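Chemist: Dropping the structure in here first, questions after.
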Amino acid sequence: MEYSAPRGTQDITPDESGLWQHVESVIRQTMALCGYSEIRTPIFEHTEVFERGVGATTDIVEKEMYTFRDRGDRMITLRPEGTAPAVRAYVEHRMASRPQPTKLYYIGPMFRYERPQAGRYRQFHQFGMEVIGVAGPAADVEVIATPLDIFRALGITDVTVNLNSIGCPVCRPGYRNLLKEVYAPVLPQLCPSCQSRYERNPLRLLDCKSQECRGYMPDPPPIFEYLCPECAQHFSEVRRLLDKLGVEYVLNPRLVRGLDYYNRTTFEYTVGGIGSQDAIGGGGRYDGLVEELGGQPTPAVGVACGMERCVLAMKAGADAKRFAGGVDVFFVSLGERAAERVFELAFQVRSQGVSADFDMMGRGLKAQMRYADKVNAKFVAIIGDNEIDRGTVALKDMSTGEQREVPMAGLASMLREGR
Ligand SMILES: [Zn+2]
Ligand SMILES: [Zn+2]
């Protein structure tokens, strides 16, 4: 019996793990540059954290969570997103009593029971940033602009920033009523989920994915024209600061996001060339969430990006093999005495910080050379009886094909320089 990974999951094999490590290191470097600290939360949480933190009327909570009762009769959910756990941890560990703001980032797997397709998995990976404790627009702009630096560093171009403001508890109810008026005449034609959202959360009508449904809906009145003075001021400051940084964006009044805890700024990145799942990330302000999860009322804003989509977008423009690893030196041995010597030498140069490998299969010269080439060794060090007697190795540079004899003693330091 042979098994395959569960539907909607994938192995990241050695062919691709180098690319993933590259993505992760770019994220970590950028986060360090911007003063963010990593938060690592459990893979699962009490279900209530997501019911309260993500919102009971969202697709995520209604139909996508992996929820189960554990052996201690607790309701447990595999995390479908990273913000609610980060905020739960912020409240639990009293981070508000530390110097503010709290700037957190995370990288890791998330779980949603969705229909798998290109770039969409049931176990997928996200990186995200959260700024907790800042009401002003600089925080919004930092979390919008910073992932763009990451995308650029990864070679992902053709990214569009979609921007909207969904107001606040003061101005949103009026807009909700306006939406209901606009859509009342077409309500009977709309899809079942729009029908049920019409009463509970009419804003969500705007991001219905059904093309048929959209055909019936007149364009919505842009919400950012109905903001209260404070929300309007915040939105125009966000736009001014984005302009100042030279970040281009398009206003997208349909961008309401599926999460109930968002207010004011919402944004989404879309990227060309990766098919229908073209959203690569997004986020917004969630001033109500900290209180919802048991903390003091605290403003906050965050972003999350899909790493599978990043990898997909990178592969559309680059060769994944470029990121495959490879040792600094592969030791090729001729004969038994040499085999014993390269074994020692490999451990010796490794202890001096040079990555090294050697033949363990008892192969002949040609097969060892072929293997060294396949595993991307930068140099090959060939050792036979003559070399052992002279205390040297024949060192071949695999990129130029150039070969010369060098003393064994200085090998490690030479290879470190040759890197
Ligand atoms: Zn408002
Ligand atoms: Zn619909």
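Read-outs: derived from the displayed coordinates by stated rules, not from any lab. Just so you know, these numbers come straight off a predicted model, no measurement behind them. For neighbour counting, all protein chains shown are included, and Cβ atoms are generated from backbone atoms with ideal geometry for every residue, glycine included.
Chemist: Compare the peptides 261-269, 69-77, 369-377 by average per-residue count of other Cβ atoms within 10 angstrom and give them in order, highest first. Mind showing how you got there, number by number?
Modeler: Working: 261-269: 24.1, 69-77: 10.7, 369-377: 16.1.
Descending packing order for the listed peptides: 261-269, 369-377, 69-77.
Chemist: Quick one, what does Rg over Rh come out to for region 26-80 if you take C-alpha atoms and the Kirkwood Rh?
Modeler: Here Rg/Rh amounts to 1.14.
Chemist: Going by average Cβ neighbours within 10 Å, how do the peptides 241-253, 303-315 rank, with the highest at the top?
Modeler: The peptides rank, most packed first, as 303-315, 241-253.
Chemist: On the principal axes of its Cα set, how long, how wide and how thick is region 326-418? Give whole Å, largest value first.
Modeler: 30, 28, 24
Chemist: Dipole of region 51-189, Cα-centred, from +1 at each Lys and Arg C-beta and -1 at each Asp and Glu C-beta, to the nearest 20 debye?
Modeler: My answer is approximately 360 debye.
Chemist: Expressed as cubic angstrom per residue, what is the convex hull volume of the alpha carbon set of region 99-201? Walk me through the numbers on the way to the answer.
Modeler: Values: hull volume 20.1 nm³, N = 103.
Convex hull volume per residue, Cα atoms: 195 Å³.
Chemist: Then there's this: Calculate how many DSSP beta bridges within region 326-418 are antiparallel, expressed in % of all such bridges and rounded to the nearest 5.
Modeler: On the way: 9 of 17 bridges.
Of all bridge pairs located within region 326-418, approximately 55 percent are antiparallel.
Chemist: If you don't mind, another one. How much space per residue, in cubic angstrom, does the convex hull of the C-alpha atoms of region 256-397 take up?
Modeler: Convex hull volume per residue, Cα atoms: 197 Å³.
Chemist: Cut-off 10 angstrom, C-alpha nodes, Gaussian network model of the chain. Which of Glu81, Glu212, Glu402 fluctuates the most?
Modeler: In this elastic network of the chain, the residue with the biggest mean-square fluctuation among Glu81, Glu212, Glu402 is Glu402.
Chemist: Follow-up. So what is the relative contact order of the chain, in percent, for Cα pairs below 8 Å that sit 6 or more residues apart?
Modeler: Reported as a whole number, the value is 16 percent.
Chemist: Right, something else. Taking a quarter of the surface of the Cα convex hull of the chain, what do you get in nm²?
Modeler: That works out to 27.0 nm².
Chemist: Can you tell me, using C-alpha contacts under 8 Å and at least 6 residues apart, the relative contact order of region 21-159 as a whole percent?
Modeler: On the way: 177 pairs, mean separation 34.1, N = 139.
Computed over region 21-159, the figure is 24 percent.
Chemist: Sticking with this one: Toward the positive end of the charge dipole of region 326-418, about the Cα centre and with charges on Cβ (Lys, Arg +1; Asp, Glu -1), which of Met360, Gln348, Gly410 goes farthest?
Modeler: Going by the Cα projections, it comes out as Met360.
Chemist: I would also like to ask the following. Helix-derived [θ] at 222 nm for the chain: sum -39500 (n - 2.57) over DSSP H runs of at least 4, divide by residue count, nearest 500?
Modeler: Details: 14 runs with 153 residues, N = 419.
Dividing the helical sum by the residues of the chain leaves -11000 deg cm²/dmol.
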